[in-house]
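Step one of this worksheet: look at the structure below.
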Amino acid sequence: PIRGIFDIGFVLTASVRLLPRFLAEAGPAFPNATFQVRTGLSQDLAQEVARGALDAAIVTAGEHEAFVPGVRATTLTREALMFCSPGNQPDRPIAQWLEDVPFVHFTPDSGIGGLIAQFLQAQPTEPREVIILDTVEAVAECVRAGVGSAILPEPDVRRYGGDAIRLMPISPTPVSPANAPQLTRRLVLLTRNGDALDQAREAIAAVLAPDRDNGSANT
């Protein structure tokens, strides 16, 4: 069993769903450990784990994993990213939405924002206008109000958007829907190889994401 005081970071977009359960269940699961939590951007949290400022972090997997030596990523869950449009406007293809209304872009410096930016770069049509916001809730509320379209993780859209937002599955690149994979974001637990929380990573992951697929845990 792990003992001591540990600092864990949560990417803000996951904290609203994962953090409350972790705080509620970590005590019974790890009675000899105390966890102090804070939130931040995925890339910043990953770097803090690498240099020892954090003992672990829950982040959106992305390019930052390539330059954090000594850090292990354990997959917690995968969430579909959905194209979101105002439910009170006529539906249309994604390219038409990008031409007709502003695109409300969750901060490009985040893990999710980086995935969204890559998707937009692969599209044949550039957005007519881009509005950058730094909270998922604000992005969802703008779509609800008819300001524009957006891309967000499905659980967050359903949490904040309700029936006022229309959801459309999207693929990473503009290919035939019949052959396209769904664009997803992967939430991972980052730990430093050999540290106490790294040795307990499977138990911690079970508290964070009890329904995860253990067969594809470490990637």
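For residues in region 167-195 being polar (S, T, N, Q) and in a strand (DSSP E or B), which is modelled with the lowest pLDDT? Spell out the reasoning first.
If we filter region 167-195 for residues that are polar (S, T, N, Q), which is where we start, we get 171, 173, 176, 179, 182, 184, 191, 193.
Now restrict to residues that are in a strand (DSSP E or B): 184, 191.
On the way: 184: 88, 191: 95.
It comes out as 184.
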All positions within region 27-48 that are closer than 17 Å to residue 197 by Cα, open to solvent by 40 Å² or more (accessible area, probe 1.4 Å) and in contact (Cβ under 8 Å) with a residue 24 or more places away in the chain
29, 31, 32, 34, 36, 37, 38
Would you tally the residues in region 71-95 being in contact with a Leu (Cβ under 6 Å, 6 or more places away or on another chain) and more than 18 Å from residue 115 (Cβ to Cβ)?
2
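What number of residues within region 196-212 satisfy the criterion of being more than 19 Å from residue 31 (Cβ to Cβ) and either open to solvent by less than 50 Å² (accessible area, probe 1.4 Å) or modelled with pLDDT of 95 or more (or both)?
First, pick out the residues of region 196-212 that are more than 19 Å from residue 31 (Cβ to Cβ): 198, 209, 211-212.
Add one more test, that the residue is either open to solvent by less than 50 Å² (accessible area, probe 1.4 Å) or modelled with pLDDT of 95 or more (or both), and what stays is 198, 209, 212.
Selection size over region 196-212: 3.
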For region 65-155, give me every one of the strands (runs of 3 or more DSSP E) that falls completely inside it and has 2 or more residues that are of a type in the set (Val, Ile, Thr), touching a helix residue (DSSP H, G or I) at 6+ places or on another chain (Cβ under 9 Å) and in contact (Cβ under 8 Å) with a residue 12 or more places away in the chain.
71-86, 130-133
Kindly establish whether residue 92 is in contact with a strand residue (DSSP E or B) (Cβ under 9 Å, 6 or more places away or on another chain), under 30 Å from residue 197 (Cβ atoms) and either open to solvent by 40 Å² or more (accessible area, probe 1.4 Å) or of a type in the set (Ser, Thr, Tyr) (or both).
no
I'm checking my understanding of the structure. Among residues of region 115-132 that are closer than 21 Å to residue 185 by Cα and in contact with a His (Cβ under 9 Å, 6 or more places away or on another chain), which one is most open to solvent (accessible area, probe 1.4 Å)?
132
Return yes when residue 4 is open to solvent by less than 40 Å² (accessible area, probe 1.4 Å), small (Gly, Ala, Ser) and on the phi > 0 side of the Ramachandran plot and no when it is not.
yes
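I need the full set of residues from region 49-70 which are under 22 Å from residue 113 (Cβ atoms) and open to solvent by 30 Å² or more (accessible area, probe 1.4 Å), in order please. Give the derivation first.
Initially, region 49-70 is screened for residues under 22 Å from residue 113 (Cβ atoms), giving 49-50, 54, 57-68.
Passing the criteria: 50, 62, 63, 65, 66, 67.
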Quick check, is residue 78 over 13 Å from residue 183 (Cβ atoms) and either charged (D, E, K, R) or out of contact with any strand residue (DSSP E or B) (no Cβ under 9 Å at 6 or more places or on another chain) (or both)?
no
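The values are calculated or read from the model by the stated rules, or taken from the named source; none is laboratory data. What you see is a predicted model; the values in this text were computed from it and never measured. With ideal geometry, Cβ positions are generated from the backbone for all residues, glycine too; neighbour counts draw on all protein chains shown. For accessibility, only protein heavy atoms count, side chains too; no ligands or nucleic acids. Shrake-Rupley method; radii C 1.70, N 1.55, O 1.52, S 1.80 Å.
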